[in-house]
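J.: So that we are looking at the same thing, I have put the structure below in structure tokens.
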Ligand SMILES: Nc1ncnc2c1ncn2[C@@H]1O[C@H](COP(=O)(O)OP(=O)(O)OP(=O)(O)O)[C@@H](O)[C@H]1O
Ligand code: SF4
Ligand SMILES: [Mg+2]
């Protein structure tokens, strides 16, 4: 596949993508929805970062926010650096030019993501011509067929229409389309949720192998912790718009530092791949999230301080970060007696109303 | 290979669609038949009663089969239609088919012209309104669409005529051509403008086009309103589509997203609904023709209605029904050609 490799690409040291205190809001009638509320992390070249969390915690918003694919009425804040570029300061037109060539997105529903009136060849020609107008028609076809072959799509299907493919094949087409220009960073938003288990395994293997073939950094959003364990280097756990814990996938799974991660792992001990609403209570409203630690109304370990002050994001070694007062306490932080007192149910209810 | 399988199923789709014409036709013809029977009174005496002695009236009734039971009349009616026999008018004793042949060209000219105007105005305006939804331009275009759709045809027609008469007194405001053109052009196709072209009589062509402007705008505006609303809604819908977002995620510029993804896909439902507007167009054509004294089938229909010539009315309405069915067939085939999914 050497003909696909971008020979002149500069070798960039340091992270491909870096977010610091990154925020995304949606404007609504009820006020801004703080769907991503101060998130910091970085991704190295070829690294796969898993992103888990309950439905509605802001995973898709974060993924879309990172590649600038947000609907009207939303806004971004904080810092976002991609290959040394300040993405939030970049004009819309230049951001658009990066999407498809340097930044990619793979969606959940492969069945509806291809234009039903456009042949597969049309999709590839469009994408390649926009970003590489200098390519000839033959070169376009050559590049498209090369990546399709890699995804296991026979070249004879190049001129077929999307509806002539199965769901799994369409997801592989979407992956091929997202990767044909070898982007440095790709968001895959629940790429296998709509597919059956066998196809899921196949897609995950393809994504897992991307790094060797393409050196693409991947943010893999999923509800399936099994996929994280199998395919990801690191994992980030999201709750109510925040990353509450992030670190090496094995370390996070074997020694979770955050009570939410712990509950999440316990709730999915079965191999269930469906939703994660097993933890007591419901995720909070993101227009007015709870005071202090967003998780305190549902946290079995909650203390007085949790309702009052936001926990500090702390590194617990080897880049394993978590934001939790109880963990800090266990690792030697000194807290006042009054701060340490457990938060009672009634008080939780009161704090919730406040 | 997949593409040959695709065209095979296209042929099958078209075949099935043609077979479906039969039940559609049957339903429409039944409705036409029954509607004209519920009208009170006996058509023969309504039409020529009082002018002829009772014995001859009875003879005429028998000739029309009106003395037979309803189901027999119905079967006979169907039998005639199948053989493309739409009957003979009572009032002036002409085969309905020759009325259609003589007047159809003018109606065709009017409706085609109106449709062209409607497409030229409606498609870009609807697209603009859909793309810049809730903007000032959208508001103006929507109001324009609603007004043109809701305004009564004769009112638009009369306003146009009044305006043109005041500012361009020499511009023709009624009829399809000046007397000279009608007189000079020899009849070949019964479509005056085509005959004029065949005869190489270009001042006649120009004359007819001038006559076309006001009626075509009047009828065209009615259809424009429909098309604007349709295109707008479908563009808005298509812009929310998953594949549109996916195109944006691949860095496709917004202009191209609207053009190649949203607008093109929005046209698929638009084609279907425009096909359904043929009935509206024909009824609009009837009103436009009477407003502009246009010598088409619509004017003839109104004249026969005034004459209470029921065979003529039944024949012409039947013909309209046939046109509606055929156009809807063509629209569906067009749809299948545009949208590969329809073929399944
Ligand atoms: N366009 C929008 N306008 C307003 N609020 C939105 C919009 N999109 C998402 N939200 C809200 O933002 C929050 C985060 O949504 P998001 O889709 O990012 O969650 P998610 O973690 O991806 O959930 P899921 O697992 O169900 O996909 C939710 O509370 C949601 O209601
Ligand atoms: S900070 Fe307190 S409430 Fe939040 S997770 Fe830790 S213990 Fe629970
Ligand atoms: Mg989501």
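The values are calculated or read from the model by the stated rules, or taken from the named source; none is laboratory data. Computed from a predicted model, the values in this text were never measured in an experiment. Here the Cβ is made from the backbone with ideal geometry for all residues, glycine too, and neighbour counts use every protein chain on show.
J.: Would it be correct to say that residue A:47 is in contact with a strand residue (DSSP E or B) (Cβ under 7 Å, 6 or more places away or on another chain) and either more than 10 Å from chain B (Cβ to nearest Cβ) or crowded, with 23+ Cβ neighbours inside 10 Å (or both)?
T.: On the way: in contact with a strand residue (DSSP E or B) (Cβ under 7 Å, 6 or more places away or on another chain): yes; either more than 10 Å from chain B (Cβ to nearest Cβ) or crowded, with 23+ Cβ neighbours inside 10 Å (or both): yes.
Yes, satisfied.
J.: Inside the range B:239-344, counting only helices (runs of 4 or more DSSP H) that do not spill past its ends, which hold 1 or more residues that are in contact with a helix residue (DSSP H, G or I) (Cβ under 7 Å, 6 or more places away or on another chain), buried (at least 17 other Cβ atoms within 10 Å of the Cβ) and within 14 Å of another protein chain (Cβ to nearest Cβ)?
T.: Hits in the range B:239-344: B:242-249, B:264-276, B:310-338.
J.: Conditions first: (1) closer than 29 Å to residue A:198 by Cα; (2) assigned to a loop (DSSP other than H, G, I, E, B); (3) at pLDDT 90 or above. Residue A:272 passes all but one, so which condition is the exception?
T.: Just one mismatch for residue A:272, condition (3).
J.: Has the range A:124-134 got any residue that is farther than 18 Å from residue B:252 by Cα, surrounded by fewer than 23 Cβ atoms within 10 Å (Cβ to Cβ) and within 11 Å of chain B (Cβ to nearest Cβ)?
T.: No, the conditions are met nowhere in the range A:124-134.
J.: While we're here: Please work out which one of (1) farther than 30 Å from residue B:209 by Cβ; (2) under 13 Å from the mean Cα position of the chain (by Cα) is the condition residue B:288 fails and give its number.
T.: Of (1) farther than 30 Å from residue B:209 by Cβ; (2) under 13 Å from the mean Cα position of the chain (by Cα), only one is false for residue B:288: (1).
J.: How many of the residues making up the range B:159-188 are assigned to a helix (DSSP H, G or I) and modelled with pLDDT of 90 or more?
T.: The number of residues fulfilling the criteria is 9.
J.: Which one of these does residue B:113 not meet: (1) touching a residue at least 12 places away in the same chain (Cβ under 8 Å); (2) closer than 29 Å to residue B:26 by Cβ; (3) in contact with a helix residue (DSSP H, G or I) (Cβ under 9 Å, 6 or more places away or on another chain)?
T.: Condition not satisfied by residue B:113: (2).
J.: Okay, next question. Please tell me if residue A:178 is crowded, with 17+ Cβ neighbours inside 10 Å and either outside the structural domain of residue A:61 (by TED's automatic domain parsing) or touching a strand residue (DSSP E or B) at 6+ places or on another chain (Cβ under 8 Å) (or both). I'd like the intermediate steps shown before the answer.
T.: On the way: crowded, with 17+ Cβ neighbours inside 10 Å: yes; either outside the structural domain of residue A:61 (by TED's automatic domain parsing) or touching a strand residue (DSSP E or B) at 6+ places or on another chain (Cβ under 8 Å) (or both): yes.
Taking the combined requirement at face value, the residue satisfies it.
J.: State whether the residues of the range A:181-202 include one that is touching a residue at least 12 places away in the same chain (Cβ under 8 Å), within 11 Å of another protein chain (Cβ to nearest Cβ), over 22 Å from residue A:50 (Cα atoms) and crowded, with 18+ Cβ neighbours inside 10 Å.
T.: Yes.
J.: Further, regarding this structure: State the number of residues belonging to the range A:97-134 that are farther than 19 Å from residue A:218 by Cα and away from ligand 3 (no atom under 16 Å from the Cβ).
T.: Narrowing the range A:97-134 to residues farther than 19 Å from residue A:218 by Cα: A:97, A:111-134.
Right, trim to away from ligand 3 (no atom under 16 Å from the Cβ) and you get A:97, A:111, A:114-134.
Number of matching residues: 23.
J.: Next question, about the same structure. If you check residue A:220 against the conditions, is it more than 14 Å from chain B (Cβ to nearest Cβ) and either in a loop (DSSP other than H, G, I, E, B) or surrounded by 21 or more Cβ atoms within 10 Å (Cβ to Cβ) (or both)?
T.: Considered against the rule, which asks whether it is more than 14 Å from chain B (Cβ to nearest Cβ) and either in a loop (DSSP other than H, G, I, E, B) or surrounded by 21 or more Cβ atoms within 10 Å (Cβ to Cβ) (or both), residue A:220 comes out as yes.
J.: Run down B:145, B:105, B:122, B:130 and say which single residue is more than 30 Å from residue B:253 (Cβ to Cβ) and either in contact (Cβ under 8 Å) with a residue 12 or more places away in the chain or assigned to a helix (DSSP H, G or I) (or both).
T.: Just a single option satisfies the conditions, and that option is B:105.
J.: Could you tell me whether the range A:110-119 includes any residue that is out of contact with any helix residue (DSSP H, G or I) (no Cβ under 6 Å at 6 or more places or on another chain), more than 9 Å from chain B (Cβ to nearest Cβ) and not in a helix (DSSP H, G or I)?
T.: no
J.: Further question on the same structure: So in the range A:33-73, with the set limited to residues that are at pLDDT 95 or above, near ligand 1 (Cβ under 9 Å from one of its atoms) and in contact with a helix residue (DSSP H, G or I) (Cβ under 8 Å, 6 or more places away or on another chain), which one is farthest from residue B:133 (Cα to Cα)?
T.: Among those that are at pLDDT 95 or above, near ligand 1 (Cβ under 9 Å from one of its atoms) and in contact with a helix residue (DSSP H, G or I) (Cβ under 8 Å, 6 or more places away or on another chain), it is A:51.
J.: Shifting gears a bit: Just need a number here: residues in the range A:35-75 that are touching a residue at least 12 places away in the same chain (Cβ under 8 Å), away from ligand 3 (no atom under 16 Å from the Cβ) and more than 16 Å from the chain's Cα centre (by Cα).
T.: 2
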